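The values are calculated or read from the model by the stated rules, or taken from the named source; none is laboratory data. Everything quoted here is computed from the prediction, not taken from an experiment. With ideal geometry, Cβ positions are generated from the backbone for all residues, glycine too; neighbour counts draw on all protein chains shown. The protein model used for the area step is the full one, side chains on, heavy atoms only, and it has no ligands, DNA or RNA in it. Shrake-Rupley method; radii C 1.70, N 1.55, O 1.52, S 1.80 Å.
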Amino acid sequence: PDRVETIQFHQSYAYEDFIRGYRPDDEGKLRPQDGIFLQFCDKARNDTKNDYFFIIDEINRGNLSKIFGELMFLIEKDKRGLSVKLAYENPENPFDRFSIPENVFIIGTMNTADRSLAMVDYALRRRFVFYTLEPQFESEKFQNYLSNNGVGKGLLKKIVKKLTALNNTISEDKKYLGKGFTIGHSYFCPDSDTARPNKNWYSKIIEFEIKPLLKEYWFDNLDKASEEVDNLQ
C-alpha cells in the first residue's frame, strides 16, 4: 500500500496541484511547492528495487495537457530517465530538473460511457496501453462471489441471464449506445450493508439504479426503456 498512490482528476485539478505550483507558507509568502506526483516520484527514486504505481481515477475528466505539462514528454517509454526544467523553478536549486523514475507506472481509469467527456486526445492516447474492463456476469469468480454472499442459485441464474441479455441489447444499439454502455456487474455485488440479497434486494437495484439509467440511455424512446426494465423482472 505504501507504494501505491490514488487520486481523481476533475475540472478544477491543475498543474500546480499535480507537478509544482506556488502556495502560501506560514508567513503568508508564496513559495513553490511540489505537487503530489513529484513527491511520489521522489519516493520511488529512493527505492529503485521496487515498483511504484500512481493511479489516476477518471483521468479523462481533467484538462490533461494542462495538468500533465512536461509529463506529456516524460511519460513516453523511451524518455524515462531524461530530465527537463519545470515551469516553476525550485529557488533552493535553480538548476533542478525533473525526470520520472523507471519504476513508476501510471494507471488511468475512465468511464467511456460518459457523454459529457471529450475523447482522450491522440497525443496522450499513444503514450498509454488501453485495456477494456467488461462486465463479468458470466465469470465463475463473480458467480462464486454471489453464492458465497448468500445469493440463492435461482436468483444467481436470473441475474446472469437477464443482465447478459440486456447488455447484448445495449451492445447491438450501435447508433446511440454500444459496448461502452453495458451494465457492470458491480451493481449486484452484495456487501456487509446488504442484509439479505434476495429477490427484494434484486428488485430494488432494478427500480432505483438500473431503471433510471436505462431511461437516460433511451431518453428519446421511453417505451424501449420500459420494455427492457420489464424484461429484467
Among what's in the range 21-60 and is in a loop (DSSP other than H, G, I, E, B) and under 21 Å from the mean Cα position of the chain (by Cα), pick the residue that is modelled with the highest pLDDT.
-> D51
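Results for (1) free of Cβ contacts under 8 Å to residues at least 40 places away in the same chain; (2) among the β-branched types (V, I, T), shown as yes or no for each residue.
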position: D47; (1), (2): no, no
position: Y52; (1), (2): no, no
position: F68; (1), (2): no, no
position: F73; (1), (2): yes, no
position: E89; (1), (2): no, no
position: D96; (1), (2): yes, no
position: I100; (1), (2): no, yes
position: N103; (1), (2): no, no
What pairs come up if the first residue lies in the range 208-220 and is under 15 Å from Q233 (Cα atoms), the second is open to solvent by 60 Å² or more (accessible area, probe 1.4 Å) and hydroxyl-bearing (S, T, Y), and their beta carbons are under 6 Å apart, counting only those six or more places apart or on different chains?
-> E209/Y187
For the range 33-69, which residues satisfy the criterion of being open to solvent by less than 40 Å² (accessible area, probe 1.4 Å) and either of a type in the set (V, I, T) or under 18 Å from R97 (Cβ atoms) (or both)?
-> G35, F37, L38, F40, C41, A44, I56, I59, I67, F68, G69
Being under 15 Å from E228 (Cα atoms), under 22 Å from the mean Cα position of the chain (by Cα) and either surrounded by fewer than 17 Cβ atoms within 10 Å (Cβ to Cβ) or not aliphatic (A, V, I, L, M) (or both) is the filter here, so list the residues in the range 152-205 that pass it.
-> N167, S171, L177, F181, T182
Odd one out for F98 among (1) of a type in the set (F, W, Y); (2) within 18 Å of R127 (Cβ to Cβ); (3) within 25 Å of the chain's Cα centre (by Cα) = (3)
Among the residues of the range 137-151, write down those that are surrounded by 13 or more Cβ atoms within 10 Å (Cβ to Cβ) and in contact with a Leu (Cβ under 9 Å, 6 or more places away or on another chain).
-> F137, Q143, L146
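Restricting to the range 1-20, name every residue that is closer than 18 Å to D96 by Cβ and part of a strand (DSSP E or B). So that I can check it myself, show each step before the final result.
Filtering the range 1-20 down to residues closer than 18 Å to D96 by Cβ leaves 15-16, 18-20.
Correct list: R20 only.
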Are there any pairs with C-beta distances below 6 angstrom linking a residue in the range 183-194 that is within 24 Å of N167 (Cα to Cα) to a residue that is surrounded by fewer than 14 Cβ atoms within 10 Å (Cβ to Cβ) and acidic (D, E), with the two at least 6 apart or on different chains, and if so which?
-> Y187/E209
Just wondering, is there one or more residues in the range 80-98 that are among the hydrophobic types (A, V, I, L, M, F, W, C), at pLDDT below 75 and within 27 Å of K175 (Cα to Cα)?
-> no
Surrounded by 13 or more Cβ atoms within 10 Å (Cβ to Cβ) and among the β-branched types (V, I, T): does that describe T112?
-> yes
